[in-house]
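Asker: Please see the structure below; I have some questions.
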Amino acid sequence: MVKSLMSQSSLKPRPRYQRMLAEARDNGLIKVVTGMRRSGKSSLMALGRDDLLAQGVPADRIVFLNLESFEFVDYDFRQLYHEVERAVRGKGHCYVFLDEVQLIGQWQKAVNAMRVDLDIDLVITGSNAHMLSSELSTLLSGRFMEIRVFPLSYREFLEYAELESSDASFERFCRFGALPPVVDQGDNPALARTVLAGIYNTVVVRDVASHMEIRNSAVFDDVARYVFDTAGSPVSIAKIEKRLASAHRKTTAVTIERYIKGMEEAYLLNRIPRVDAHGGRILQGLSKCYPSDTGIGGVLLGGKPYDFGFVLENVVCNELLAAGYHVRVGRTDRLEIDFVAWRDDVSGESDVAGDGLSSAQADSRSGSGYGVLGARPIMIQVTASILDASTRKRELEPLRAVRDVSARRMVITLNHMGLETVDGIEIVNALDWLNSLPSGR
């Protein structure tokens, strides 16, 4: 049985994620594909199905259930199990894809029973990280792996939209983000904003409010706007609490933290801890949050003046995460470095494409610091322009203070002039850097 989500002709490839899924096939682990809504999880599942068909796997050995379909609106975990069991009965080894599995109550029990009882390779998707911190971790400890799907990277965006790299393409990428259904709207700003607003509202209703039991959506929206408005600055719960109180929306610090955690779990935000740039030790408190998609941030804040400097910083953060890096905010004795990034490559070269590990998996493997086997940190400053002498001095100073001689140090800027290497610090154009990152092909 194949429950088709979309026709093959409507699918655009995501080579990096397809490769990750293919490499994990039949490895004995349940594949959990995560990421914010509309980032491409369902399409990846359909691409994985089509890859199997192209390799000669019979269609009747592939089960594809879109659990958002009305057909499954009243299903419980028992019905889900029996639906799959009937579909694979007597057919030998089968491949099962369950899309948005968290919509089925107590789905973990069905998934665990399938793993024990059935001869299948199982891939599931979900739009909330809460599913990984729930009963699944207890039932399936050591028996599942996470593959996180991010919005399109810049190079993926260019390929997806069939554009050439240019300042105009980059501005569109920054303003409206890189969620595939938004990119599908072309260069129509009104349509893009409409789709973005719909995605945000769906995420809040389906992936945050549903499991957090939010009673006051206005307070949640205020917290979200504040966090998005101050993204890239240290998160201060006390400041948020004070701001809400002044607007007569009194709430507690515990509730605010809970709401921010909910946005993280729905993949709206990436929270980046601070790390000691001299040794990799995690520093407590005052982490920073960055929107997972710049378009979502823009639509949430409405008509706020556009700050390309911050958006560039946001883009750099997201691109590093999507490429498989650990990302931290660096701190020297008295100066801050925008990002300290590294990967756990045994080759010792950290500035290459991702290895398929989720951020959480990579963190658990390497520990809190970057001083691990094969890790070569990259220290990055981000600025819209470095042509002004005082700005140039300010951006270079923290990198000059880095004592780790193995670290690669760079400043990423929108400038096309003044690009050089100073005291071992590379000054690079943002589009050149983005285009140098592997697209996954």
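The values are calculated or read from the model by the stated rules, or taken from the named source; none is laboratory data. For clarity, every value in this text was computed on a predicted model and none was experimentally measured. When we count neighbours, we look across all protein chains shown, and the Cβ atoms used for this are built from the backbone with ideal geometry, even at glycine. Note: accessible area is taken over every heavy atom of the protein model, side chains too, but ligands, DNA and RNA are not part of it. Shrake-Rupley method; radii C 1.70, N 1.55, O 1.52, S 1.80 Å.
Asker: Report yes if some residue within region 120-143 is open to solvent by 50 Å² or more (accessible area, probe 1.4 Å), out of contact with any Pro (no Cβ under 9 Å at 6 or more places or on another chain) and either within 30 Å of Leu414 (Cα to Cα) or modelled with pLDDT of 95 or more (or both); otherwise report no.
Answerer: Taking every residue of region 120-143 in turn, none turns out to be open to solvent by 50 Å² or more (accessible area, probe 1.4 Å), out of contact with any Pro (no Cβ under 9 Å at 6 or more places or on another chain) and either within 30 Å of Leu414 (Cα to Cα) or modelled with pLDDT of 95 or more (or both).
Asker: Name the one entry in Ala209, Ala218 that is loosely packed, with under 14 Cβ neighbours inside 10 Å, free of Cβ contacts under 8 Å to residues at least 60 places away in the same chain and not in a loop (DSSP other than H, G, I, E, B).
Answerer: Matching residue, one of Ala209, Ala218: Ala218.
Asker: Still on this structure: Just to verify a result, which residue in region 271-313, among those that are surrounded by fewer than 22 Cβ atoms within 10 Å (Cβ to Cβ) and polar (S, T, N, Q), is modelled with the lowest pLDDT?
Answerer: Gln284
Asker: Same structure, new question: Return the total of residues in region 418-441 being open to solvent by 30 Å² or more (accessible area, probe 1.4 Å) and within 24 Å of the chain's Cα centre (by Cα).
Answerer: Result for region 418-441: 5.
Asker: One residue is enough: does region 71-84 have a residue meeting the conditions farther than 27 Å from Arg206 by Cβ, modelled with pLDDT of 95 or more and either among the β-branched types (Val, Ile, Thr) or more than 30 Å from the chain's Cα centre (by Cα) (or both)?
Answerer: For region 71-84, residues farther than 27 Å from Arg206 by Cβ, modelled with pLDDT of 95 or more and either among the β-branched types (Val, Ile, Thr) or more than 30 Å from the chain's Cα centre (by Cα) (or both): absent.
Asker: Here is a follow-up. Between Leu44, Leu53, Leu11, which is buried (at least 22 other Cβ atoms within 10 Å of the Cβ) and among the hydrophobic types (A, V, I, L, M, F, W, C)?
Answerer: Leu44
Asker: Among the residues of region 185-215, write down those that are over 22 Å from Arg249 (Cα atoms) and of a type in the set (S, T, N, Q).
Answerer: Once the filter is applied, which keeps residues that are over 22 Å from Arg249 (Cα atoms) and of a type in the set (S, T, N, Q), region 185-215 yields Gln185, Asn188, Thr194, Thr202.
Asker: Restricting to region 160-205, and then to whatever is within 19 Å of the chain's Cα centre (by Cα) and among the polar types (S, T, N, Q), can you tell me which residue is nearest to Leu44 (Cα to Cα)?
Answerer: Thr202
Asker: While we're looking at this one, here's another question. What's the total number of residues in region 393-417 that are free of Cβ contacts under 8 Å to residues at least 24 places away in the same chain and open to solvent by 50 Å² or more (accessible area, probe 1.4 Å)?
Answerer: The total comes to 4.
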